[in-house]
Amino acid sequence: MIDRFQSAMSSLQQFSRAQEVSANNLANMNTPGYKKDSLFYRQLEEEMGGDGVNPEIMQNLSMQAGSFEETGNTFDLAINGEGFFEVEYEDEAMLSRNGQFTLDGEGFLRDQNGAYVNGANGRIHLPQFHQMAEEKNEPPRVDISPDGSIRLNDELVDQVKLMSVDDHTQLERRANSYLVTGEGQQAEEDSLSEIQQGFFEAGNVDPLTEMTEMMTNMRLFESQQRALRTTDEMLGRVTTELGQF
């Protein structure tokens, strides 16, 4: 009887967590470069005192590509591949797929949250862009190659740094949909992914799928609640009847 309580409580916790994941995905469906979370279950053998299995809930980052939205903006960048931009947010290096960048008044390349975008030599700094624009009354031509090389009027000035990680399941989320590597994991420079200028990657959340999963989880949650109430009523009757002897 107690096993039924434990099973029902475990299921309720799992469905609650699944709802939280789907809700967070929906909240970020319009965030450029957002990668949705999904849950899966792994069966583990009991190591001590049992011959059954325990389900372990696991959270996984979906690296399925989002659609590329063309903007024509010079500093909007999308990544073909599984690489990440390296940005500096609150003095910490983080990973991001959000490639909607702008050049600030000092010539630093930043994302929508104000984080600096890192290049081959640290923060990408292009003060000559503004200088050329003032001198010639028009901005210089900016070409960003698939390998990240940045050229102003054909002059190489920097290179956007792309990073990769071996195990996406170890990535941890931070504020503004940034990601950091987990303990014992280190990001390395990515030479396989390519950059596409004038585009940004939309989030890979399918709202219809998330809504369907939320409704399914809610029905399953309610069924476990009913099972828990039934078990509680049965236990109450057993206790009452035993008390009569």
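Coordinate-derived values only; no laboratory data. What you see is a predicted model, and the numbers here were worked out from it, not measured in a lab. Every residue, glycine among them, receives a Cβ derived from its backbone with ideal geometry; neighbour counts consider all protein chains shown.
For this structure, a couple of remarks:
- Protection-proxy order for peptides 116-123, 210-217, each taking the mean of Cβ atoms within 10 Å per residue, highest first: 116-123, 210-217
- Residue-count net charge about residue 151 - beta-carbon cut-off 15 Å; Lys, Arg +1, Asp, Glu -1: -4
- Inter-centroid distance (Cα atoms) of the stretch 111-139 relative to the stretch 146-175, Å: 16
- Taking a ≥ b ≥ c as the square roots of the eigenvalues of the Cα gyration tensor, the stretch 106-161 is oblate, since a/c reaches 1.5 or more and a/b is not larger than b/c.
- Expressed as a fraction of 2.2 N^0.38 Å, the value expected for a compact globular protein of N residues, the C-alpha radius of gyration of the stretch 68-201 is 1.05.
- Using the average count of surrounding beta-carbon atoms within 10 Å as a protection proxy, the listed peptides 167-175, 103-111 rank, highest first, as 103-111, 167-175.
- With K and R counted +1 and D and E -1, the other residues having a Cβ less than 12 Å from that of residue 216 yield a net charge of -2.
- Most to least packed among 94-102, 190-198 [average Cβ atoms within 10 Å]: 94-102, 190-198
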